[in-house]
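Asker: Quick one: structure below, then a few questions.
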Amino acid sequence: MNRSLCSRAHAARRLALGLLFLPAALHAQNAPAERVDATINARIREEGTKRSQVLATARMLSDGFGPRLSGAPGYTAAARWAVSELTRFGATRAVLEPWGTRGPAWELTGHSLVMTAPFNLRLNALPKAWSLPTAGTVRGTPVMVPSLAKPEERKAWAGKLRGRIVMLGRVSETADAAERFAPGAVRLTDAELDSMSRITEPGSPKDYWEDFDEWDVALVEHRAMLDWMGREGVAAVVEASGSELTIRSTKYNSAISSRDANIPAFTVAREQYRRLQFLVGRGAPVTLELSLATRVFPADTIGVNVVAELAGSDPRLKDEVVMMGGHFDSWHAAGGATDNAAGSAVAMEALRILVAIGAHPRRTVRVALWDGEEQEDYIGSAAYVRRHFGDHASMAIKPEHARISAYFNVDHGTGRIRGWFLQGNAAARPVLAAYLAPWKDLGAGTLTIRNRGSTDHLAFTGVGIPGFDAIQDEMDYESRTHHTGLDGAGFLVEEDLQQASMVLASMVYHVADRDALMPRTPLPAPRKK
Ligand SMILES: [Zn+2]
């Protein structure tokens, strides 16, 4: 924008900005300089590079235990192992902490999808989580249905789909050019980081409920479609992958959630779906054969998060905590290596490093690895916050709410930490900037006022507790591994995981050791009914 044209508007905006930052600026002016312990940081570097265990931990979680779908045996086995590892690392406490009762759990035990006519083609397909099993093999000619999202679209197909295999959705006739030319792995550039740090408006989602409602609307629409297909007696649904290069569900990796278990559903490699679409479109005698076997575990099992601590050393402050973590559950398509064995291992490693270097932070440092982030509204972290700190709807606050300084979340793949999203908490900027500065040489130094949605820190900011999600290099998270069949340990980058573990260890150590709790934004208003 040309400066002269908008001097008055510009002046007004500068004034508003000045006002916006006044408390933070005043705070920064009057606040004593943050104490940064160079000795501790040097020891963190030494331990985090020379004796790192982060890759081994992440690989074991993803390739050792496989999928950690919320509530499934793979999740529980990996969670027990994480507790034993944290104990081995020297945590003063490491437990499986119940967060509540959960719906039925689900596990894939076998599947197959083959085109047997006009020629044989084994389809590269993944069942959607929570899908019901088939009664043996389902065989039939698929019917192409562009969309059933809207009630009027469903009305047009009423009575025509009983016992049919539905190919839901059309794909373009040629592969998506943007995806074909997009680089696989990318790192944030200095220019991108700089522009993030200059953003002045936090933007969306402004809070926990905005994020929840956006998701809930999609849920309701999707459930209506699934329920309708169930009533119409559809035999199975086949959809195209949302990516050309890997199997990713267009929208959801699941029927939606454990409560929606109904029609057997598959996501198929996009190029193969394109071939099916061509053959069906020209009326060729296409026959599909599919089968799906699953195990469903009864509802009302107890859901658990992994929680571990390094106890605080200061008699006055040791009952106050600084938390760090990320979600532990994954989808079932692969081992959830970058989503989110990476973040889980980084948080575990940060604690291991602090114990190994003999750090004695004044406040307690607590790691939490969450259940159910991939399911509706972060069930594990939200339940934990409701149990310990406060209620997101009524904003009724519990005594522990006054004793937590902040929560740091890592959930964006294997990439190194470049900085933190401040979730609108301007007063936290000078504090975190001081603690990040020693890590600039490893690429960490950016703070943006922006809100980040879609992950567990929202459960904390949702009750007014400072929650910060890590800015990470994208690597090939969105292009290849995020919720796809490719999410295995081969896509983990050890150097990046080491960097992230060291930066996180240093952040939580310094926040746990500072005189005051982290500055807070005002408590959100109770939810309007
Ligand atoms: Zn994730």
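The values are calculated or read from the model by the stated rules, or taken from the named source; none is laboratory data. Note that the coordinates shown come from a computational prediction; the quantities given were computed from them, not determined experimentally. FYI the Cβ positions are ideal-geometry reconstructions off the backbone, even for glycines, and counts take in every protein chain you see. We work out accessible area using only protein heavy atoms, side chains counted, and drop any ligands, DNA or RNA first. Shrake-Rupley method; radii C 1.70, N 1.55, O 1.52, S 1.80 Å.
Asker: For THR338, indicate whether it is of a type in the set (Val, Ile, Thr) and surrounded by fewer than 21 Cβ atoms within 10 Å (Cβ to Cβ). Please lay out each step first, then the result.
Answerer: On the way: of a type in the set (Val, Ile, Thr): yes; surrounded by fewer than 21 Cβ atoms within 10 Å (Cβ to Cβ): no.
Criteria not met by THR338.
Asker: Among ALA311, ALA333, ALA337, ALA293, which is within 16 Å of the ligand (Cβ to nearest atom) and either at pLDDT 95 or above or among the β-branched types (Val, Ile, Thr) (or both)?
Answerer: Numbers: ALA311 fails: within 16 Å of the ligand (Cβ to nearest atom); ALA333 fails: either at pLDDT 95 or above or among the β-branched types (Val, Ile, Thr) (or both); ALA293 fails: within 16 Å of the ligand (Cβ to nearest atom).
Answer to the selection: ALA337.
Asker: State whether the residues of region 183-190 include one that is modelled with pLDDT of 90 or more, closer than 24 Å to GLY453 by Cα, outside any loop (DSSP other than H, G, I, E, B) and assigned by TED's automatic domain parsing to the domain that holds LEU113.
Answerer: yes
Asker: Determine whether THR174 is open to solvent by less than 60 Å² (accessible area, probe 1.4 Å) and polar (S, T, N, Q).
Answerer: Numbers: open to solvent by less than 60 Å² (accessible area, probe 1.4 Å): no; polar (S, T, N, Q): yes.
The answer is no for THR174.
Asker: Output the number of residues of region 229-247 satisfying the condition of being assigned to a helix (DSSP H, G or I) and open to solvent by 10 Å² or more (accessible area, probe 1.4 Å). Reasoning before the result, please.
Answerer: As a first pass, look at region 229-247 and keep what is assigned to a helix (DSSP H, G or I): 229-232.
From what is left, the residues that are open to solvent by 10 Å² or more (accessible area, probe 1.4 Å) are 230-232.
Here the count works out to 3.
Asker: Another question, if that's okay. THR294 passes all but one of (1) open to solvent by 10 Å² or more (accessible area, probe 1.4 Å); (2) under 30 Å from ILE353 (Cα atoms); (3) not acidic (Asp, Glu); which number fails?
Answerer: (2) is the only condition that THR294 fails.
Asker: Kindly indicate which of ARG154, ARG139 is at pLDDT 95 or above, out of contact with any Cys (no Cβ under 9 Å at 6 or more places or on another chain) and open to solvent by 40 Å² or more (accessible area, probe 1.4 Å). Lay out the reasoning, then the answer.
Answerer: On the way: ARG154 fails: open to solvent by 40 Å² or more (accessible area, probe 1.4 Å).
Every option except ARG139 fails the conditions.
Asker: Considering only region 170-191, I want to know if a residue exists there that is out of contact with any Gly (no Cβ under 6 Å at 6 or more places or on another chain), among the aliphatic types (A, V, I, L, M) and under 15 Å from GLU239 (Cβ atoms). Let's see the steps before the verdict.
Answerer: Narrowing region 170-191 to residues out of contact with any Gly (no Cβ under 6 Å at 6 or more places or on another chain): 170-191.
Now drop any that are not among the aliphatic types (A, V, I, L, M), which leaves 171, 175, 177-178, 182, 185-186, 188, 191.
Now drop any that are not under 15 Å from GLU239 (Cβ atoms), which leaves 171.
Yes, that holds for at least one residue.
Asker: Based on this model, can you work out whether TYR378 counts as crowded, with 24+ Cβ neighbours inside 10 Å, within 16 Å of the ligand (Cβ to nearest atom), within 16 Å of ARG514 (Cβ to Cβ) and in contact (Cβ under 8 Å) with a residue 12 or more places away in the chain? Steps first, please.
Answerer: Working: crowded, with 24+ Cβ neighbours inside 10 Å: yes; within 16 Å of the ligand (Cβ to nearest atom): yes; within 16 Å of ARG514 (Cβ to Cβ): no; in contact (Cβ under 8 Å) with a residue 12 or more places away in the chain: yes.
Spelling it out, it is not the case that TYR378 is crowded, with 24+ Cβ neighbours inside 10 Å, within 16 Å of the ligand (Cβ to nearest atom), within 16 Å of ARG514 (Cβ to Cβ) and in contact (Cβ under 8 Å) with a residue 12 or more places away in the chain.
Asker: Looking at region 342-375, which of its residues are of a type in the set (Val, Ile, Thr) and within 16 Å of the ligand (Cβ to nearest atom)?
Answerer: First pass over region 342-375, keeping only residues of a type in the set (Val, Ile, Thr): 346, 353, 355, 357, 364-365, 367.
The one that is of a type in the set (Val, Ile, Thr) and within 16 Å of the ligand (Cβ to nearest atom): VAL346.
Asker: I'm told SER454 meets every condition in (1) out of contact with any Ser or Thr (no Cβ under 8 Å at 6 or more places or on another chain); (2) at positive phi; (3) away from the ligand (no atom under 16 Å from the Cβ) except one. Can you identify the failing condition by its number?
Answerer: So the condition that SER454 fails would be (3).
Asker: Now, a different point. Just for strands (runs of 3 or more DSSP E) wholly inside region 109-158: which have at least 2 residues that are more than 35 Å from the chain's Cα centre (by Cα)? Before the answer, list the steps.
Answerer: Numbers: elements: 125-127, 138-140, 143-145.
Ranges flagged: 138-140.
Asker: Let me ask something else. Just name the residue that is nearest to the ligand (Cβ to nearest atom) out of those in region 394-414 that are open to solvent by less than 30 Å² (accessible area, probe 1.4 Å) and either without any contact (Cβ under 8 Å) to a residue 12 or more places away in the chain or more than 19 Å from the chain's Cα centre (by Cα) (or both).
Answerer: ILE404
Asker: Checking the conditions here, which among LEU486, LEU432 is more than 16 Å from the ligand (Cβ to nearest atom), surrounded by fewer than 24 Cβ atoms within 10 Å (Cβ to Cβ), in contact (Cβ under 8 Å) with a residue 60 or more places away in the chain and not β-branched (Val, Ile, Thr)? Before the answer, list the steps.
Answerer: Values: LEU486 fails: more than 16 Å from the ligand (Cβ to nearest atom).
LEU432 is the lone residue from the list that is more than 16 Å from the ligand (Cβ to nearest atom), surrounded by fewer than 24 Cβ atoms within 10 Å (Cβ to Cβ), in contact (Cβ under 8 Å) with a residue 60 or more places away in the chain and not β-branched (Val, Ile, Thr).
Asker: Does ALA444 satisfy being in a loop (DSSP other than H, G, I, E, B), in the same structural domain as GLY64 (by TED's automatic domain parsing) and farther than 19 Å from SER330 by Cα? Spell out how you get there, then give the answer.
Answerer: Working: in a loop (DSSP other than H, G, I, E, B): yes; in the same structural domain as GLY64 (by TED's automatic domain parsing): yes; farther than 19 Å from SER330 by Cα: yes.
Yes, satisfied.
Asker: Could you please let me know if ARG162 is in a strand (DSSP E or B), open to solvent by 70 Å² or more (accessible area, probe 1.4 Å) and not assigned by TED's automatic domain parsing to the domain that holds PRO67? Reasoning before the result, please.
Answerer: Values: in a strand (DSSP E or B): no; open to solvent by 70 Å² or more (accessible area, probe 1.4 Å): yes; not assigned by TED's automatic domain parsing to the domain that holds PRO67: yes.
When the stated conditions are applied, ARG162 does not pass them.
Asker: Considering only residues of region 165-182 that are modelled with pLDDT of 95 or more and outside any loop (DSSP other than H, G, I, E, B), which is farthest from ARG452 (Cα to Cα)?
Answerer: ILE165
To keep it simple, each residue is scored yes or no on (1) assigned to a loop (DSSP other than H, G, I, E, B); (2) open to solvent by 20 Å² or more (accessible area, probe 1.4 Å); (3) among the basic types (Lys, Arg); (4) within 20 Å of TYR384 (Cβ to Cβ).
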site: ARG450; (1), (2), (3), (4): yes, yes, yes, no
site: SER454; (1), (2), (3), (4): yes, yes, no, yes
site: GLY464; (1), (2), (3), (4): yes, no, no, yes
site: ARG480; (1), (2), (3), (4): no, yes, yes, no
site: SER506; (1), (2), (3), (4): no, no, no, no
site: ASP515; (1), (2), (3), (4): yes, yes, no, no
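Asker: Something else now. I'd like the full set of residues that are within 12 Å of TYR208 (Cβ to Cβ) and either open to solvent by 10 Å² or more (accessible area, probe 1.4 Å) or polar (S, T, N, Q) (or both), limited to region 381-393. Give the steps one after another, and end with the answer.
Answerer: Going through region 381-393, the residues within 12 Å of TYR208 (Cβ to Cβ) turn out to be 381-382, 385-386, 390-393.
Within region 381-393, SER381, ARG386, ASP391, ALA393 meet the criteria.
Asker: Pick out the one residue from ARG450, ARG429, ARG520 that is under 19 Å from the mean Cα position of the chain (by Cα) and basic (Lys, Arg).
Answerer: Working: ARG429 fails: under 19 Å from the mean Cα position of the chain (by Cα); ARG520 fails: under 19 Å from the mean Cα position of the chain (by Cα).
None of the other options fit; the residue is ARG450.
Asker: What number of residues within region 314-330 are charged (D, E, K, R) and either within 13 Å of the ligand (Cβ to nearest atom) or within 14 Å of the chain's Cα centre (by Cα) (or both)? Before the answer, list the steps.
Answerer: Taking region 314-330 as the starting set, the residues that turn out to be charged (D, E, K, R) are 314, 316, 318-320, 329.
Restricting the remaining residues to those that are either within 13 Å of the ligand (Cβ to nearest atom) or within 14 Å of the chain's Cα centre (by Cα) (or both) gives 329.
Adding up the residues that qualify gives 1.
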